[in-house]
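What follows is a set of notes on a single structure, which appears directly below.
The values are calculated or read from the model by the stated rules, or taken from the named source; none is laboratory data. Since we're looking at a predicted model, the values are computed, not measured. Positions of Cβ are generated from backbone atoms using ideal geometry, with glycine treated the same way; all protein chains shown enter the neighbour counts.
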Amino acid sequence: MGYLTRTGRRRRRPDTVVGMTPAESMPSAPDALAPTVTDRLVAANRGYADDFADPGMDARPVLRVAVVACMDARLDLHAALGLELGDCHTIRNAGGVVTDDTIRSLTISQRALGTRSVVLIHHTDCGLLNLTEEFRFELEAEVGQRPAWSVESFRDLDADVRQSIRRVETSPFLLHTDDVRGFVFDVRTGLLREVSVEQIPAGD
Ligand SMILES: [Zn+2]
């Protein structure tokens with residue numbers, strides 16, 4: 001499983017790499033000092049900073065919204081939602097699920113930094129759809145320790161969006177839970193589809 005693959009740091013000497021097959025641990029010689037992807041990012045930052053003008057903002061998001069979304073590389077949140085620098089908080093993790101740590105960030109977002117609305121975004125073709133809680137036991141078998149965290153995998157995107165909405169709405173720590181909406185982003189079309197919250201039937 002790809003998640004279990006260990007990747008070595010490229011600058012490490014092959015004979016110091018633990019737990020890798022010789023083929024994986026043996027970068028071709030000319031590559032050894034080639035720029036890493038991080039080097040590339042740092043170089044790009046120099047160009048960014050050259051054109052950067054201090055926007056003079058404080059830390060409170062202009063639109064007073066926090067967006068919780070999957071970390072998926074195909075989801076460009078700012079472009080997809082028409083967001084500008086300073087507009088929102090973005091809280092991202094595998095699946096865009098509402099974990100205790102997501103609640104931690106939302107609580108700080110609302111109580112310390114003034115956001116009031118919450119937008120939850122899952123997406124089609126999410127990696128979490130292909131995992132189960134069995135992943136934790138596979139990890140245990142490999143490394144001798146089972147993680148304390150839940151995988152938070154899901155089979156039904158809409159059901160998990162509803163679950164996430166409920167977790168936000170029922171959190172005792174949040175000040176604002178009257179504007180919480182959930183969506184599925186389609187990675188093929190770029191469109192958001194809103195997930196309607198199931199109505200509790202009136203007692204009739
Ligand atoms: Zn995803």
Take the residues in the range 46-94 that are within 16 Å of the ligand (Cβ to nearest atom) and assigned to a strand (DSSP E or B), then tell me which one is farthest from residue 157 (Cα to Cα). 90
Close pairs from the range 35-62: first at positive phi and surrounded by 11 or more Cβ atoms within 10 Å (Cβ to Cβ), partner at pLDDT 95 or above and acidic (Asp, Glu), Cβ under 6 Å, at least 6 apart: none
Tally of residues being over 15 Å from the mean Cα position of the chain (by Cα), of a type in the set (S, T, N, Q) and either within 16 Å of the ligand (Cβ to nearest atom) or farther than 18 Å from residue 77 by Cα (or both) across the range 101-122: 2
Could you tell me which residue of the range 123-170 is farthest from the ligand (Cβ to nearest atom), considering only residues that are of a type in the set (Ser, Thr, Tyr), surrounded by 13 or more Cβ atoms within 10 Å (Cβ to Cβ) and at pLDDT 95 or above? 164
Within the range 82-104, which residues are touching a residue at least 60 places away in the same chain (Cβ under 8 Å) and more than 23 Å from residue 130 (Cα to Cα)? 103
Selection over the range 122-180 where residues are of a type in the set (Asp, Glu) and part of a helix (DSSP H, G or I) yields a count of 7
Of 69, 49, which residue is at pLDDT 95 or above and within 12 Å of the chain's Cα centre (by Cα)? 69
